Amino acid sequence: MIDPSVVQRRDSQASRIARVLVDRVKDGSYPIGQKIPSERQLATEFGVSRPVIREALSTVSAMEILDIQMGRGAFVIAAPPDHIASGGLKLQDVVNVREVLEVGAIELTLKREAPAFEGVRAAAERLQQAVRDREDTVEPDRALHAAIVQASGSSLLASIWQSIDQQVVETIRISPHGRTMSQNILSLHQRLADAIIDKDLESAVNASRLLYEDNRQFLRDLLQ
């Protein structure tokens, strides 16, 4: 069982540091074209672990403010947009809508006489493999949630989900777990998939709500 408070504390640290980094770019402390301090230096400065710094850097990179180059470090490539706050608020709305649609899809799936779980199982396995291989997890993450909606058997619900696909990708990409999903969040995704396959409605809905609350909390912290 995952303790949600542990996930939230780690995300709160990552989002707080991401905000500081964004502010430093905005005020010129980190000029465009400059390499920012290393993960090790930032970890020492903020008193956190390097994985937390890595999550914060991933978030700022998703905003297209930093370019993270393997073996070289992170470089400032653009100033933060003025609309970052309003954009973040819009992403919170997307997260809320995603939760409503996904929970509804889970309920519809488990009401079906012969639900098909192959897509959910395959997507969950692909996500696990991506984390093991340290690959970008945005697409496998997106694919798992899409498979959950698809399993509902509702073509209308699937069409609505598809209509917000780009916004879904943005909410995944900007989160600390977007490109490099942590083991805690991977476990929560696996718990979600397993509960659906086991037809455990309560556990599946709880896992889904935990994931979305984690995402909302991150966005709230980032916009403070």
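Largest GNM mean-square fluctuation across 72, 24, 121, computed for the chain with C-alpha springs under 10 Å, falls on 72. Count the net charge of all other residues whose Cβ sits under 14 Å from the Cβ of residue 123, scoring Lys and Arg as +1 and Asp and Glu as -1. It works out to a net charge of -3. Given +1 at the Cβ of Lys and Arg, -1 at the Cβ of Asp and Glu and no other charges, the dipole of the range 104-223 around its Cα centre is 80 debye to the nearest 20. Shown for the chain: the carbon plus sulfur share of the solvent-accessible area, taken with all protein chains present and a 1.4 angstrom probe, equals 50%.
Helix 50-62 and the long axis of the chain differ in direction by around 80°, with both axes built from C-alpha atoms. Accessible surface computed residue by residue for the chain, with neighbouring protein chains in place and a 1.4 Å probe, gives 49 Å² per residue.
On the principal axes of its alpha-carbon atoms, the chain has extents of 60, 31, 28 Å, going from largest to smallest. For the chain, the longest principal axis of the Cα atoms and the long axis of helix 183-197 meet at an angle of about 10 degrees.
The values are calculated or read from the model by the stated rules, or taken from the named source; none is laboratory data. None of these values were measured; they are calculated from a predicted model. Every residue, glycine among them, receives a Cβ derived from its backbone with ideal geometry; neighbour counts consider all protein chains shown. We work out accessible area using only protein heavy atoms, side chains counted, and drop any ligands, DNA or RNA first. Shrake-Rupley method; radii C 1.70, N 1.55, O 1.52, S 1.80 Å.
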